[in-house]
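Colleague: Have a look at this one before I ask anything.
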Amino acid sequence: MRVDILTLFPEMCRAPLNESMMKRAQGSGALELHIHNLRDWATDKHRMADDAPFGGGQGMVMKPEPVFAAVESLRGTASTVLLMTPQGRRLSQQLATEFSTREHLIIICGHYEGIDHRVVEHLVEAEISIGDYVLTNGAIAAVVVVDAVVRLLPGVLGHEQSAADESFSAGLLEGPQYTRPAEFRGWKIPDVLLSGNHAEIAAWRKERALERTQRNRPDLL
Ligand code: ADE
């Protein structure tokens with residue numbers, strides 16, 4: 001999969017996508033990542049990417065010209081153009097799975113008080129939010145989308161099974177996990193995990209998953 005991120009803050013995206021699994025995905029060729037500075041497409045002498053809002057109001061609005069120029073120079077016939085904004089549709093595991101089937105994502109990061117609405121009307125397929133809170137700009141949100149999507153690509157996760165079993169894919173939150181030592185500060189791990197009885201362990205895990213979902217995310221049940 002190819003991903004192009006368009007942002008005013010490329011360094012905010014670069015470091016987190018150059019570690020661990022995302023680094024390996026690029027090494028193996030599963031991910032071809034390009035992070036661009038939108039200012040590179042600004043044509044005026046100050047390379048301005050934002051301007052005051054028509055109709056008055058606080059803050060600055062991202063100008064349409066650099067965004068259109070960037071997307072038009074990068075997109076092909078199989079490109080999906082997304083805009084990161086708190087006004088977007090909320091990212092979910094289901095949406096990440098859908099995006100993981102696309103060949104090419106172009107992700108525009110919104111900033112300041114917003115972006116000229118002609119970008120939304122005439123350039124993007126979907127506006128995406130990572131949750132009901134406001135970040136200073138969309139760069140970190142774009143990183144979240146890339147991470148959630150790329151780990152679903154074939155061969156990126158070590159164990160193919162783990163993407164299928166985990167929280168949200170199975171409709172429940174994942175149950176608790178323990179590792180050595182079996183006793184820490186007097187707290188022992190549940191006996192069933194030492195029993196070697198795989199059926200009993202699976203039943204216990206299912207029960208704990210239900211309990212955890214009930215407590216933390218009753219809306220999922
Ligand atoms: N930009 C600022 N806040 C955001 C959010 N919650 N999701 C996506 N982009 C954003």
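The values are calculated or read from the model by the stated rules, or taken from the named source; none is laboratory data. All values reported here derive from a predicted model rather than from experimental measurement. Glycine also receives a Cβ, built like all others from the backbone with ideal geometry; neighbour counts cover every protein chain displayed. Surface accessibility is based on the protein's heavy atoms, side chains included, excluding ligands, DNA and RNA. Shrake-Rupley method; radii C 1.70, N 1.55, O 1.52, S 1.80 Å.
Colleague: Quick check on the stretch 133-157: of everything there that is assigned to a loop (DSSP other than H, G, I, E, B) and more than 11 Å from the ligand (Cβ to nearest atom), which residue is most open to solvent (accessible area, probe 1.4 Å)?
Modeller: Pro154
Colleague: Quick one: what pairs do we get from the stretch 204-215, first residue of a type in the set (Ser, Thr, Tyr), second in a helix (DSSP H, G or I), C-beta under 9 Å, 6+ apart or different chains?
Modeller: From residues that are of a type in the set (Ser, Thr, Tyr), the pairs are Thr213/Leu220.
Colleague: Moving on. Across the stretch 88-102, which residue is farthest from the ligand (Cβ to nearest atom) among those that are outside any loop (DSSP other than H, G, I, E, B) and polar (S, T, N, Q)?
Modeller: Thr97
Colleague: Right, here's the next one. I need every pair where a residue in the stretch 89-116 that is assigned by TED's automatic domain parsing to the domain that holds Glu65 has its Cβ under 8 Å from the Cβ of a residue that is within 14 Å of the ligand (Cβ to nearest atom) and of a type in the set (Asp, Glu), sequence separation at least 6 or different chains.
Modeller: Correct list of pairs: Arg89/Glu127; Arg90/Asp132.
Colleague: Which ones in the stretch 114-132 are more than 7 Å from the ligand (Cβ to nearest atom) and not acidic (Asp, Glu)?
Modeller: Gly114, Ile115, His117, Arg118, Val119, Val120, His122, Leu123, Val124, Ala126
Colleague: If we scan the stretch 168-189, do we find a residue that is aliphatic (A, V, I, L, M), in contact (Cβ under 8 Å) with a residue 12 or more places away in the chain and assigned to a helix (DSSP H, G or I)?
Modeller: no
Colleague: Looking at Leu193 and the list (1) more than 16 Å from the ligand (Cβ to nearest atom); (2) surrounded by 14 or more Cβ atoms within 10 Å (Cβ to Cβ); (3) in a loop (DSSP other than H, G, I, E, B), which single condition is not satisfied?
Modeller: Of (1) more than 16 Å from the ligand (Cβ to nearest atom); (2) surrounded by 14 or more Cβ atoms within 10 Å (Cβ to Cβ); (3) in a loop (DSSP other than H, G, I, E, B), only one is false for Leu193: (3).
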